[in-house]
Structure formats: C-alpha cells, structure tokens
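These notes concern the structure reproduced below.
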Amino acid sequence: MNLFKISKNEDFAQTGANLVAGLLQTNPRAVLGLATGSSPISVYEELISMHRRGLVSFSKASSFNLDEYVGLPADHPESYRSFMNRNLFDHIDIDLARTHIPNGNAPDLAAECRAYDAMLEEQGPVDLQILGIGGNGHIGFNEPGAGLEGGTHVVGLLPETRQANSRFFPSIDEVPRQAVTMGIGTILKARQILLLARGAEKAEAIRKAVRGPITTECPASLLQTHPNVVVLLDEEAGQWVD
Ligand code: F6R
C-alpha cells in the first residue's frame, strides 16, 4: 500500500482528483468505481472544478458505485443516486446512462446483485476504485464479521453504521437497515484502489486496515492483498503514521 499523509485540505483533494484526472487523460474510456459519504466529497469538488477549467472530461467514461440503500426511493435526497447526482454527476459531462448504481428497490434483490456483477464482468474491470472506510473498518457496506462475501449482495447494516449515517437523516429510525453492496471480491478486482480516510474517528480503523492483520473483522485489511492501493490520510486519520 502506498500511504500518503497530507496535512492541507486542498492538497488532499488535489492529490485524489489528480489520480482520477490523470487516468482519464490517458484512458478517456476508463471505468471508475465511486463511493458516497463524506470522504470523497472534496475530491469530487476538485474534479468538478478541474472539469470547469477544461482540465478533465468524463464524456467517454463510465462508473459503478459501490452501494445503495435498500428501500429508499431513488429520488430520496439520501439515496446514493441522489448523492452522486448532487455531488458529482450534475456538474460534469458524464453520460448518465453509463453511471451505474445498484437498484435498492429492485423487486428481486438477488437478481439485481447478479445483474450488477454481470455488468461489471462485461464492462470492467474497474480501472480506479475510490473507497472510504467505516469507523468499524467496513469498505462498501462489507461489515466486519466471521466471513465476507465476494460478489454484490444484500447486507444488514450494523447498528454503528446506521448510527454513523444517521447524521444525514432526520432520525436514526429513518436510516435503512439494509443495503446492496459490491463484495470484497468485486472491489479487489479493480486495477487500482484509492482509499480515503479523514478525521480522528477513522484513525484506528485505517491503522488496522494498513498495519493490522488481514482479517474479516476489519474488511479494509483485505486491501493489503491488492498490489496497487493508494491511501490518502489527513493529519488526524494519519496521527499514528511516523
Ligand atoms: C459509501 C461507502 C461507505 C463509506 C464509509 C465511510 O459508498 O461505501 O463504505 O465510504 O461508510 O463514510 P464517510 O466517508 O461518510 O465517513
């Protein structure tokens, strides 16, 4: 894993955005793996700014998001489709028909998961997968536990994850209990992975992911088996780095 601890906010965003923009400059048809949540927002803002300045185009790119809540209408403000439109897609030249997010309202979720993996198989692999990390070490919504699933699947969200995400909802009761997520196997198929961690509340999880044993109890630790991972940490998340 290539670890970078970056103290200035602008440099954090710029470094992440440069990786994405550099890829699109050499391969305009790149397949991007995208995440939601707070961690990638400044990188998306920088990409939007670079796009406005004519420095990057997404017109031939396609994207696959990691996950989506089960049971939230796609137009709900906290659905991951709404998040991606609001924070990235509405401001760049990507063709929305080539942006993929699992459908958490599919009548047959198992079939939806199989179809998502089949699409990834056909159009992938993902060239660059952006990831955040949960305070409990989850990536996508692959929660810690005795085992992990390889492919896209439906997952029950742990209480701590619902608690963490309740900051976006009027009350915790409104946070969905399930999500559809890419599995660890799917994530590890990406050619390159960009793992972003910000804030003191991520310090322990990211330390375990990078320096701890490889264990399903910290799903992000499985990234140690991947040959091409870039980890960007801010000062607080990287407080344990010498
Ligand atoms: C989001 C996702 C999650 C988040 C993680 C961190 O698509 O899959 O794994 O990356 O929960 O969330 P933030 O960045 O909000 O702290």
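Details
- Assessment of region 81-95 against the conditions (within 19 Å of residue 231 (Cβ to Cβ), out of contact with any Phe, Trp or Tyr (no Cβ under 8 Å at 6 or more places or on another chain), of a type outside the set (Ser, Thr, Tyr) and not in a loop (DSSP other than H, G, I, E, B)) yields no matching residue.
- Listed conditions (1) closer than 17 Å to residue 35 by Cα; (2) part of a loop (DSSP other than H, G, I, E, B); (3) not aliphatic (A, V, I, L, M) are all met by residue 129, apart from (2).
- Checking residue 55 against (1) touching a residue at least 12 places away in the same chain (Cβ under 8 Å); (2) touching a strand residue (DSSP E or B) at 6+ places or on another chain (Cβ under 8 Å), the condition it does not meet: (2)
- For residue 21, the conditions (1) among the small types (Gly, Ala, Ser); (2) assigned to a helix (DSSP H, G or I); (3) buried (at least 21 other Cβ atoms within 10 Å of the Cβ) are fulfilled apart from (3).
- Taken residue by residue, region 204-215 has no member that is under 25 Å from residue 10 (Cβ atoms), within 15 Å of the ligand (Cβ to nearest atom) and in a loop (DSSP other than H, G, I, E, B).
- So residue 163, is it polar (S, T, N, Q) and either within 18 Å of residue 40 (Cβ to Cβ) or assigned to a loop (DSSP other than H, G, I, E, B) (or both): no
- Here the condition is being closer than 15 Å to residue 135 by Cβ and touching a Gly at 6+ places or on another chain (Cβ under 7 Å); of 203, 237, it holds for 237 alone.
- Across region 59-89, the qualifying residues are those that are closer than 24 Å to residue 14 by Cβ and over 18 Å from the mean Cα position of the chain (by Cα), and the one among them that is surrounded by the most Cβ atoms within 10 Å (Cβ to Cβ) is 60.
- The number of residues in region 209-232 that are crowded, with 20+ Cβ neighbours inside 10 Å and in contact with a strand residue (DSSP E or B) (Cβ under 7 Å, 6 or more places away or on another chain) comes to 9.
Coordinate-derived values only; no laboratory data. All of these numbers come straight from a predicted model, not from anything done at the bench. Using ideal geometry, Cβ is built from the backbone for each residue, glycine included, and neighbour counts are taken over all protein chains shown.
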